[in-house]
Amino acid sequence: EKHYFKTFRDKKSMTMDGRHVELGANIGGVEDVDSALANGAECIGLFRTEFLYMESKVHPSEEVQYEAYRRVLEKMGDKPVVVRTLDIGGDKELDYLKMEHELNPFLGNRALRLCLNTPELFRTQLRALLKASRWGNLHIMLPMVATIDELREVKGLLEEIEKELLEEDASLGIGYKLGIMVEIPATAILADVFAKEVDFFSIGTNDLIQYTFAADRMNEKVAYLYQPYNPSLLRLIKMVADAAHKEGKWVGMCGEMAGEVQALPLLMGLGLDEFSMSAPSILRIRALLSKVRMEDAAQLAEAALGMENQEQVGTMIKQYMDKLE
Ligand code: PEP
Ligand code: MG
């Protein structure tokens, strides 16, 4: 079976009837890139930069970050590298950053909120990213965006920093795409507004599910509410995909769901363009993709959107998968 999957390493990610999507890897640092490529990744769909910060005893300097981003970009060549800006807080802490105790850390000062509240921290990362952008195909992605105003604030900051960098060195080639993670229901609901102002979306199902069902992703007692196949979540995904496509933008997924075999046909039917997952999942997903027909995927999605609960969707998917084997 392993050998069978390996035959997909250098193949395109394509359905039986020729619809192409991108399959990428989630990474935590430059040390993961070789394995991503060895597993046939067509892109890095999520570079979780928080590891750079968590592995360090001090705030990683602009130079240290620049070096890390440059190396990942260089290794990937023309292939897209989606770098997520710092997503700390929630359950993740840093020794050198004073964070106040919060009653609800997952609803508190985390990710983009923390970055916007700690401008020096954020500026350092954005400077390093823009400087590194000349070395590859950089996509900057903002985590936990909840309002269009947050997005606009970051855009303002990026413009300011770009100007500043070009004043320091006019020959610096700066070029990148800007996207957001859709992992807060408010953002999914307003995806049509966001779609006009970003280059891409990536759906973070781990958090989107947590916030949609109001169920802490770390709490086992409520783990039954982690429901990727609940029609409520599927409708959100559909809204995001439709909104993106209406503006000619692409929409990916980088939560755990993106690497789940049972989810793939449904997600194809909902219109996703890119899937980013742990590297060892890529070939299995690519192999399955080659057996999917878009007509069937669309039918699955349409039926699922009209269902009542996760169980009904699960039963339908199982029937479809059994026939596929
Ligand atoms: C997500 O929320 O789905 C995601 C990919 O981000 P993280 O798991 O790092 O919060
Ligand atoms: Mg998340």
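Read-outs: derived from the displayed coordinates by stated rules, not from any lab. Predicted model only: the values in this text are computed from it and were never measured. Methodologically, a virtual Cβ is constructed for each residue, glycine included, from the backbone with ideal geometry; neighbour enumeration extends over all protein chains shown.
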Rounded, prolate or oblate: which fits segment 1-136 when a ≥ b ≥ c are the square roots of the eigenvalues of the alpha-carbon gyration tensor, with rounded for a/c under 1.5 and prolate only if a/b beats b/c? prolate
Would you give the gap between the C-alpha center of segment 20-52 and the C-alpha center of segment 56-103, rounded to a whole Å? 15 Å
Whichever lysines have a C-alpha closer than 26 Å to that of Lys92, once near sequence neighbours (fewer than 8 apart) are set aside: Lys57, Lys155, Lys221
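Restricting attention to segment 242-325, which chymotrypsin sites (Phe, Trp or Tyr not before Pro) occupy a DSSP loop and are surrounded by at most 14 other Cβ atoms within 10 Å?
Details: sites: Trp250, Phe275, Tyr320; in loops: none.
Listed in order of number, the matching sites amount to none.
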So for segment 168-214, averaging the separation of alpha carbon pairs under 8 Å that are six or more residues apart and normalising by length, what relative contact order in percent results? 45 percent
Out of segment 207-254, which trypsin sites (Lys or Arg not before Pro) are coil in DSSP terms and have no more than 10 other C-beta atoms within 10 Å? none
Specify the angular offset, from 0 to 90 degrees and rounded to the nearest 10, of the alpha carbon long axis of helix 231-246 from the longest principal axis of the alpha carbons in the chain. 60 degrees
Could you run the Debye sum over the Cα atoms of segment 156-243, one equal point scatterer each and no solvent, and tell me log10 of I(q)/I(0) at q = 0.10, 0.20 Å⁻¹, two decimals? -0.39, -0.88
The chain: most fluctuating residue of Gly252, Gly24, Gly156 per GNM, C-alpha cutoff 10 Å: Gly156
Classify the chain: rounded, prolate or oblate, from the alpha-carbon gyration tensor (a ≥ b ≥ c, eigenvalue square roots; a/c under 1.5 rounded; otherwise prolate if a/b is larger than b/c)? prolate
Taking R0 as 45 Å, what's the FRET efficiency between Arg123 and Lys323 from their Cβ-Cβ distance, rounded to 0.05? 0.25
Mind checking which lysines have their C-alpha under 16 Å from Lys11, skipping anything on the same chain fewer than 8 residues away? Lys2, Lys79, Lys291
On full extension of the chain, what length is gained from Glu93 through Ala170, given 0.36 nm per residue of separation minus the C-alpha to C-alpha distance? 24.0 nm
Relative contact order computed over segment 73-185 (Cα-Cα under 8 Å; 6+ residues apart), in percent: 34 percent
